[in-house]
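Taking it in order: structure first as structure tokens, then the write-up.
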Amino acid sequence: MIVGLDMGGTNIDAIVLDQGQIIKTVKKPTDRENLFQSIWAVLEELLVGIDKRKISRINLSTTVSTNAIVEKKADPVGMIVQRGPGLPYEFQSCTGEKVFISGYIDHRGQVVKDLDLREIKKAKDLFKEKHIKACAVVTKFSARNPSHEQRIKKLLDKEFPLTTMGHTLSGKLNFPRRVYTAYLNAAVSNTFQNFAGSLKKSLARAGIQAPVYILKADGGTMNLATAHEKPVETILSGPAASLLGLIGMCPTEQDALLLDIGGTTTDIFFLADGVPVFEPLGIEISGYKTLVRAIYSVSIGLGGDSRIRVDNGTIQIGPQREGPPYAFGGPTPTPTDGLIVSGLMKANGETLAKARQGMEVLGRQLGLSPEGMADKVLNAMGDMLKNKVESLLQELNEKPVYTIEELLYGKRIRPQVIHVIGGPAKAVAPLLSRKFNLPCHCPANYQVANAIGAALARITTEITLLADTARGFLSVPELGIYEKIGRSFTLEQAREKALK
Amino acid sequence: MRTIKAKNKLGLVFFPAFDWAIHPTHSEREERLLYTQDQVFEEGIEDIAGIRFYNPVMATEKDVSRVHFCVPDVPSRLTQSHLVAAGGAIVALQKVMEKEVDKAFALVRPPGHHAQRIVHGSRGFCTINTEAIMLEKIRQMYGPLRVAIVDTDCHHGDGTQDIYWNDPDTLFISIHQDGRTLYPGSGFVEEFGGPGAYGYNINIPLPPETGDEGYLYVIDNLVLPILAEYKPDLIINSAGQDNHYSDPLTRMNFTAQGYAKLNDKLNPHVAVLEGGYSIEGGLPYVNVGIILALAGLDYSHVVEPDYREERFRQPKEITEYIARLCEVIYTYWKERDRLKEEHYKGLDHFERTRRVYYDTDGILENQAERFKICPHCSGVNTIDSRSDQGAQILAVIIPRDACPDCVDEGYKVYREATSRYSKIYLQDRVNDCFLAK
Ligand SMILES: [Zn+2]
Ligand SMILES: [Zn+2]
């Protein structure tokens, strides 16, 4: 049995899966003031009557790290940054203490200018004086040669055991993103460790021995020990959970458009040959651009409860939500009211009457009957989605390429099918099918898609392997591998090595 | 400041063509832009608000024929990579013309500024002229434009010189290491333009060991004043990076800071990468410097890690020589109309013969050119070209500004040309029509 739990901003969903069958689900509101307690309450209820020995793993998607960042409750960080030649980045949005040091490692990983140990000593004294608890060390091109980061960490280790090194988080080249990623990692490490500690204790007390895995934004999982080191990878795992749920419920090998239509927003995802499309570099959170690998997802302010207005004869849907649909006592007409009036969503007499009333108010401004208005609303909603999806696809398909082969014959994403989940999913499916001229499916059990997604997630890890045959050197920064190779090292050998 | 914002919106066409080389050990090979790419990525350029990356498109056969006479034809002279490089430059300038960006930089390869109108093969790693194909396509799309091309590659831009030799609407300025000391051995002050555009081809040959000081002196005291008088609609920079002190093929002492300042001062609408073969110690820093300068960002910290100021202080004799040279050239420029009178007075046509060597392919070509001196336009002209590989062709060029008489004459020459040529070409730039028989 697998336990899957997804903690969202509003609700926590959890399920128990046994051989692919859902055997139990629990849904409870999230208490933002006590995230651990919220999770624990859900787990306790979920596991009543379940044989705890039969649980093979527990997969959690949590907002612990996300919240700390978004709500600015993260710790101040002591940063040591080696910028080298280039833009004079100040990294003002990293709160805490920043020390810029001399020394430089070039693009081939060669030390051009060594560290000045006095500068490190000074930084350490400053951090102590300012009562800094977590530190981050990032040097330019550390993905090519981490020796400066490693030496600095060693010098800090005794006083600052929570020191994040940039190269351990990503092997990709993007110095500012590496700095922000390391900063965020250090800033949430205390918060995450407290959470993980409480979880471990409570599980032990409850006699649960199953290993715990934490969901990452790329849809993979990592064990608690890894999560301790890289808590930043747990941010924004929610969209990944719902995407995994969608894939789990309706697998495909085609290019696909996946939509999760909620009350306030719609999340848009794409599959290329059945495989999720990823953010090219990494996810952005609270304005920090990071190297945290993540599933590509775009959220737009268009949902079942979005406010509808008529402005100078044109319909505006969203991006705000002002409450529930008009039919259910809300203040403004919404797409849901349109769906009810057009008969796509079933409703009893009184609700239907209210929905009609909502459409009538809007329709009057355009000289339309309630039915005509409902039609117009749904059309507008379909057009908005279609336009957005098309512009995203254009952007994705125009992403920079660097070889003639890719330029001429590279993969272009062209969805062949739509999968949609969320409250209004079933009702809007025919509309989407017509607008996009594609088959559109909506799976059952979509209410717990996120929890299913969490349960189905697997361990993933990303590595970047660079073989520099001229210098006779191979590196995999994420695994701390830096070794010598011969000049004849081939791409095939590299592939073999990477899969090991 | 979470994201840095560029002052000028900058479009980058960055296309290293990692799957193309002239041959595996040639300077113009796959990894030429690899380290530049590393530096650009590590610097976080792609996250700077206001800087956008664009993919190239393929230039078409017609785009090539608008500029060149490929012998025997376009497909047999080119690889896809050439069309992508030219197409990349077209995209870059198009984004500027459409005002999607303020400036653009096409980092494409292979280079093109040694490619002349007639193409029997490759010269100086170049087969087709990237900037000229770009510019002529843009003129075709957006109408007449007065343009200055400033070639800052260390080698004389002899291909671009040939293409715009007789075109008064395209001022060509080449700043390069003196032709007595470097390939292709041309680019002297006396090469001042054809009868239809005398004074609009300006060569500035600099002595070896010229550094930032001398180079920037030329920009401030010669190039910028000339540009201010010429008043171009567009400035194109043929941005060769082989003046760098670490370049293996040349002997200049230009630095990344120098390149960045040059672009800051010159302020081109579009820069197109030309040569530059110090792929590890030069290009990564020079390119980042140029990108930041074009975007209006702080480039003062872009310094090569091995740069030592004392090493590159320019000798006094060179400084003085350059000052005198600038004076001479500026005087020529000011006197261009009088000098033209002296040269071409009373003539109705002008002829010259020359030899062109294709070093990359080992081909020798003999050309006989004939320019009509027309009072109404820059004049129809022809090239009779014979290569030592056996081909003899005749090329007839009707310029963009041709008068009706010159158009008719061009067609007449094309129709009546004798059969001793293996191929006869007509380039009718007025009607954008290109024929061959
Ligand atoms: Zn050159
Ligand atoms: Zn004429």
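The values are calculated or read from the model by the stated rules, or taken from the named source; none is laboratory data. As the structure is a prediction and not an experimental result, all values here were calculated from the model. Backbone-built Cβ (ideal geometry, glycine too); neighbour counts: all protein chains shown. Surface accessibility is based on the protein's heavy atoms, side chains included, excluding ligands, DNA and RNA. Shrake-Rupley method; radii C 1.70, N 1.55, O 1.52, S 1.80 Å.
A few points about this structure:
- The set of residues in segment B:212-228 being over 24 Å from residue B:106 (Cα atoms), open to solvent by 40 Å² or more (accessible area, probe 1.4 Å) and in contact (Cβ under 8 Å) with a residue 40 or more places away in the chain consists of B:213, B:217, B:220, B:221.
- The numbered conditions (1) at pLDDT 90 or above; (2) surrounded by fewer than 20 Cβ atoms within 10 Å (Cβ to Cβ); (3) in contact with a Lys or Arg (Cβ under 9 Å, 6 or more places away or on another chain) are all true for residue A:207 except (1).
- Filtered residues of segment A:100-114 (kept if of a type in the set (Val, Ile, Thr) and open to solvent by 70 Å² or more (accessible area, probe 1.4 Å)): A:111
- Of all residues in segment B:26-40 being within 11 Å of chain A (Cβ to nearest Cβ) and open to solvent by 40 Å² or more (accessible area, probe 1.4 Å), the one that is nearest to residue A:405 (Cα to Cα): B:30
- Checked against the criterion of being surrounded by fewer than 20 Cβ atoms within 10 Å (Cβ to Cβ) and on the phi < 0 side of the Ramachandran plot, the candidates B:23, B:82 yield just one match: B:23.
To keep it simple, each residue is scored yes or no on (1) closer than 20 Å to residue A:112 by Cβ; (2) within 14 Å of chain A (Cβ to nearest Cβ); (3) hydroxyl-bearing (Ser, Thr, Tyr).
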residue: B:277; (1), (2), (3): no, no, yes
residue: B:290; (1), (2), (3): no, yes, no
residue: B:296; (1), (2), (3): no, yes, no
residue: B:302; (1), (2), (3): yes, yes, no
residue: B:317; (1), (2), (3): no, no, no
residue: B:334; (1), (2), (3): no, no, no
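- Residue B:392 vs. criteria more than 17 Å from residue B:73 (Cα to Cα) and either modelled with pLDDT of 95 or more or open to solvent by less than 60 Å² (accessible area, probe 1.4 Å) (or both): no
- Candidates B:64, B:84: the one that is under 24 Å from residue A:396 (Cβ atoms) and of a type in the set (A, V, I, L, M) is B:84.
- When residue B:321 is tested against the conditions (1) in the same structural domain as residue B:128 (by TED's automatic domain parsing); (2) open to solvent by 60 Å² or more (accessible area, probe 1.4 Å); (3) not in a helix (DSSP H, G or I), the lone failure is (3).
- Filter pass, residue B:338 being of a type outside the set (Asp, Glu), open to solvent by 80 Å² or more (accessible area, probe 1.4 Å) and away from every other protein chain (no Cβ under 14 Å): yes
- Candidates are the residues of segment A:238-274 that are open to solvent by 30 Å² or more (accessible area, probe 1.4 Å) and of a type in the set (A, V, I, L, M); the one that is modelled with the lowest pLDDT is A:249.
- Residues satisfying the stated conditions in segment B:1-44, i.e. farther than 24 Å from residue A:93 by Cβ and basic (Lys, Arg): B:29, B:32
- Taking segment B:245-288 as the range and being open to solvent by 10 Å² or more (accessible area, probe 1.4 Å) and within 22 Å of residue B:220 (Cα to Cα) as the test, the residues that pass are B:245, B:253, B:257, B:261, B:264, B:265, B:267, B:269.
Here is a yes/no grid of residues against (1) of a type in the set (Phe, Trp, Tyr); (2) away from ligand 1 (no atom under 16 Å from the Cβ); (3) open to solvent by 60 Å² or more (accessible area, probe 1.4 Å); (4) part of a helix (DSSP H, G or I):
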position: B:326; (1), (2), (3), (4): no, yes, no, yes
position: B:343; (1), (2), (3), (4): no, yes, yes, yes
position: B:365; (1), (2), (3), (4): no, yes, no, no
position: B:415; (1), (2), (3), (4): no, yes, yes, yes
position: B:419; (1), (2), (3), (4): no, yes, yes, no
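Here's the yes/no breakdown for (1) within 11 Å of ligand 2 (Cβ to nearest atom); (2) within 22 Å of residue B:404 (Cα to Cα); (3) within 14 Å of chain A (Cβ to nearest Cβ); (4) within 23 Å of the chain's Cα centre (by Cα):
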site: B:349; (1), (2), (3), (4): no, yes, no, no
site: B:360; (1), (2), (3), (4): no, no, no, yes
site: B:364; (1), (2), (3), (4): no, no, no, yes
site: B:370; (1), (2), (3), (4): no, yes, no, no
site: B:383; (1), (2), (3), (4): no, yes, no, yes
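- Qualifying residue in segment A:56-76 (condition: assigned by TED's automatic domain parsing to the domain that holds residue A:18 and over 30 Å from the mean Cα position of the chain (by Cα)): no
- Members of segment B:8-20 found to be within 14 Å of another protein chain (Cβ to nearest Cβ) and open to solvent by 30 Å² or more (accessible area, probe 1.4 Å), listed by number: B:18, B:19, B:20
- Some residue of segment B:188-195 being in contact (Cβ under 8 Å) with a residue 60 or more places away in the chain, within 16 Å of ligand 1 (Cβ to nearest atom) and open to solvent by less than 20 Å² (accessible area, probe 1.4 Å): no
- The set of residues in segment A:355-379 being under 39 Å from the mean Cα position of the chain (by Cα) and not acidic (Asp, Glu) consists of A:355, A:356, A:358, A:359, A:362, A:373, A:374, A:376, A:377, A:378, A:379.
- Here residue A:106 meets the list (1) within 10 Å of chain B (Cβ to nearest Cβ); (2) at positive phi almost entirely, failing just condition (2).
- Test for residue A:394: is it farther than 15 Å from residue A:344 by Cβ, open to solvent by 60 Å² or more (accessible area, probe 1.4 Å) and either away from chain B (no Cβ under 14 Å) or outside any helix (DSSP H, G or I) (or both): no
- Here the condition is being outside the structural domain of residue B:169 (by TED's automatic domain parsing), without any contact (Cβ under 8 Å) to a residue 40 or more places away in the chain and not in a strand (DSSP E or B); of B:379, B:390, it holds for B:390 alone.
- Any chance residue A:420 is surrounded by 15 or more Cβ atoms within 10 Å (Cβ to Cβ), in contact with a Cys (Cβ under 6 Å, 6 or more places away or on another chain) and closer than 24 Å to residue A:316 by Cβ: yes
- Residue match in segment A:299-317 (condition: within 24 Å of residue A:399 (Cβ to Cβ) and among the hydrophobic types (A, V, I, L, M, F, W, C)): yes
- Yes/no for residue B:157 being modelled with pLDDT under 95 and open to solvent by less than 30 Å² (accessible area, probe 1.4 Å): no
- Condition met for residue B:425 (buried (at least 17 other Cβ atoms within 10 Å of the Cβ), farther than 30 Å from residue B:182 by Cα, more than 16 Å from ligand 2 (Cβ to nearest atom) and more than 14 Å from chain A (Cβ to nearest Cβ)): yes
- The set of residues in segment A:379-410 that are under 22 Å from residue A:338 (Cα atoms) and touching a Phe, Trp or Tyr at 6+ places or on another chain (Cβ under 7 Å) contains only A:386.
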